[in-house]
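Peer 1: Structure provided below as structure tokens; questions to follow.
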Amino acid sequence: MPGKLIDGIEQASKITESVKNEVSLLQKQGIKPRLAVVLAGENAASKLYVEKKRQACEKAGVAFELVKFPETVKEEVVLEAIIKLNKDAQVNAILVQLPLPKGISQERVLNEVFPLKDVDGFTSANLGMLAYGNEQLVACTAKGIVKLIESTGTKIEGKNACIVNHSVVVGKPLSLMLLNRNATVTVCHEFTKDLAFQTRQADILVTAVGKPGLVKAGMVKKGAIVIDAGIAKKDGKTLGDADFEAVKKDASFITPVPGGVGPMTVACLLENTVLAAKLQRKG
Ligand code: GUN
């Protein structure tokens, strides 16, 4: 039997509905969750992602502001903008859209965000807490992927998980989240010697590379859950990393691209924004 589809759009809209309810409860207490997005440069994909985030905020009743800089912006100017947003009591959540223009230190900029406003979970403080098993503000794509796996009813504990991505955005936080749930985690990347050998061991396979056709027939264990977080454009179509029709034959569950991980990332950002507003209320 071919793998069942995991519907990211449906899961994400459930989260958005629940965020909407939480936002109206917070508003009754005089709190209006507000997300500030810092966008530096002219990356077309980044602009599109930011627009999706703005639309999602509008849907959920979350206030949204965009702080935009040209490609030539100096690191100090971005840092100053973040310091200002940190101090602004009306702003509960800050997200710095990646990638940043060349010459700007991603680590320095991301670490300037006040950890309780860090809805991307990219600060050293939040990544460190995650390593300790304290999942407060965790990276949205990793969080969304874990929710998609859990939506299948599969227990993560004791499973072999293989992640093809070792970035701070996806692979590192996801590996920690799966370790926190007692999976046996293998993290692969472009220097991995035999990718197919590693992916074939996986009960849960997550790929987030942006290379269509990377995961082919014969690379997936029978009955595996396949989560495809890869995004690439080809002939006007959005494609994931997995050769969908071939891989579906062996998988028990599989996410489509588009309509899988993408909507979950945005929904988890809304969830983190409300969580950040609540954390700041606690002080
Ligand atoms: N660029 C690609 N993915 C992401 C993400 O999850 N967060 C941010 N801030 N930038 C990204």
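Nothing in this text is a laboratory measurement; each read-out follows from the coordinates by a stated rule. From a predicted model like this one, the values you see are computed outputs, not experimental measurements. Glycine gets a Cβ as well: all are built from the backbone with ideal geometry, and neighbour counts include every protein chain shown.
Peer 1: Sort 152-165, 184-197 for me by packing, meaning the mean count of neighbouring Cβ atoms within 10 Å per residue, highest on top.
Peer 2: Ranking the peptides 152-165, 184-197 by packing returns 152-165, 184-197.
Peer 1: Between beta-carbons, use under 12 Å as the cut-off and find the net charge around residue 186, counting Lys and Arg +1, Asp and Glu -1.
Peer 2: Around residue 186, the charge tally is 0.
Peer 1: While we're here: I want the local charge near residue 248. Using Cβ-Cβ distances under 15 Å, sum +1 for each Lys or Arg and -1 for each Asp or Glu among the other residues.
Peer 2: -1
Peer 1: Give me the percent relative contact order of the chain, please, defined on Cα pairs under 8 angstrom at least 6 residues apart.
Peer 2: Relative contact order of the chain: 24 percent.
Peer 1: If I measure Cβ to Cβ between cysteines in the chain, which ones have no partner under 4.7 Å?
Peer 2: When partners are defined as cysteine Cβ atoms under 4.7 Å apart, the chain leaves 57, 162, 188 without one.
Peer 1: Select from 212, 201, 223 the residue farthest towards the positive end of the dipole of region 194-234; place +1 on Cβ of Lys and Arg, -1 on Cβ of Asp and Glu, and compute about the Cα centre.
Peer 2: 212
Peer 1: Can you compute the FRET efficiency between residue 66 and residue 232 using 1/(1 + (r/R0)^6), with r the Cβ-Cβ distance and R0 = 25 Å? Round to the nearest 0.05.
Peer 2: That pair, residue 66 with residue 232, gives E of 0.45.
Peer 1: Rounded to a whole number, what is D in µm²/s for region 229-283 from Stokes-Einstein with the Kirkwood radius over alpha-carbon pairs (20 °C, 1.002 mPa s)?
Peer 2: 158
Peer 1: Looking only at 244, 69, 114, which one moves most when the chain is put into a Gaussian network model with springs between Cα atoms under 10 Å?
Peer 2: 69
Peer 1: I would also like to ask the following. Provide the net charge surrounding residue 177, with neighbours chosen by a C-beta distance below 12 Å and charges set as Lys +1, Arg +1, Asp -1, Glu -1.
Peer 2: Computed value for this residue: +2.
Peer 1: Based on alpha-carbon atoms only, what is the radius of gyration of region 53-195 relative to the globular estimate 2.2 N^0.38 Å?
Peer 2: Output field value: 1.17.
Peer 1: Hey, another quick one. Scan the chain and note any complete DSSP helix (H) whose C-alpha atoms cover at least 20 Å along its axis and whose Kyte-Doolittle average is -1.0 or more.
Peer 2: Once both thresholds are applied, what remains is 8-28, 44-60, 261-282.
Peer 1: Additional query: Just need the relative contact order of region 23-90 here, percent rounded to a whole number, with Cα pairs under 8 Å and 6+ apart.
Peer 2: With pairs under 8 Å counted, the relative contact order is 40 percent.
Peer 1: Any idea what % of Cα-Cα pairs in region 1-94 are farther than 22 Å?
Peer 2: Within region 1-94, distances greater than 22 Å cover 44 percent of Cα pairs.
Peer 1: Another one. Averaged over all directions, how much area does the convex hull of the C-alpha atoms of the chain cover when projected, in nm²?
Peer 2: If you wrap the Cα atoms of the chain in a convex hull and average its projections, you get 14.6 nm².
Peer 1: Name the shape class, rounded, prolate or oblate, that the alpha-carbon gyration tensor gives for region 180-221, where a ≥ b ≥ c are the square roots of its eigenvalues, rounded holds for a/c under 1.5, and otherwise prolate holds if a/b is larger than b/c and oblate otherwise.
Peer 2: Here region 180-221 falls in the prolate category.
Peer 1: How large is the Rg to Rh ratio of region 175-283 when both quantities use alpha carbon positions and Rh follows Kirkwood?
Peer 2: On the Cα set of region 175-283, Rg over Rh gives 1.05.
Peer 1: Still on this structure, I have one more. Place a +1 charge on the Cβ of each Lys and Arg in the chain and a -1 charge on the Cβ of each Asp and Glu, then give the dipole magnitude about the Cα centre in debye, rounded to the nearest 20.
Peer 2: Value, rounded to 20: 420 debye.
Peer 1: A follow-up question, please. Gain in length, residue 58 to residue 80, computed as 0.36 nm per residue apart minus the alpha-carbon separation, to one decimal in nm?
Peer 2: Full extension from residue 58 to residue 80 adds 5.2 nm.
Peer 1: In deg cm²/dmol, rounded to 500, what helix-only [θ] at 222 nm does the chain give when every DSSP H run of at least 4 residues adds -39500 (n - 2.57) and the total is split over its residues?
Peer 2: Here the helix-only value at 222 nm equals -13500 deg cm²/dmol.
Peer 1: Let me know the charge dipole size of region 1-100 about its Cα centre in debye, to the nearest 20, where only the beta-carbon of Lys, Arg (+1) and Asp, Glu (-1) is charged.
Peer 2: Dipole magnitude for region 1-100 comes out near 320 debye.
Peer 1: Over the Cα atoms of region 207-253, each weighted equally, I'd like the Debye log10 I(q)/I(0) at q = 0.19, 0.32 Å⁻¹, rounded to two decimals.
Peer 2: Listed by q, the Debye log ratios stand at -0.52, -1.16.
Peer 1: Just how many pairs of Lys in region 1-71 have C-alpha atoms closer than 19 Å, counting pairs that are eight or more places apart or on different chains?
Peer 2: So the count works out to 15.
Peer 1: Ok, one more. Indicate the gyration tensor shape class of region 134-197 (rounded, prolate or oblate), computed on the Cα atoms with a ≥ b ≥ c the square roots of the eigenvalues: a/c under 1.5 is rounded; otherwise a/b larger than b/c is prolate and the rest oblate.
Peer 2: Judged from the Cα gyration tensor, region 134-197 comes out oblate (a/c at least 1.5, b/c at or above a/b).
Peer 1: State to the nearest 20 debye the size of the charge dipole of region 136-283 about its Cα centre, where the only charges are +1 on K and R beta carbons and -1 on D and E beta carbons.
Peer 2: Around 300 debye, computed over region 136-283.
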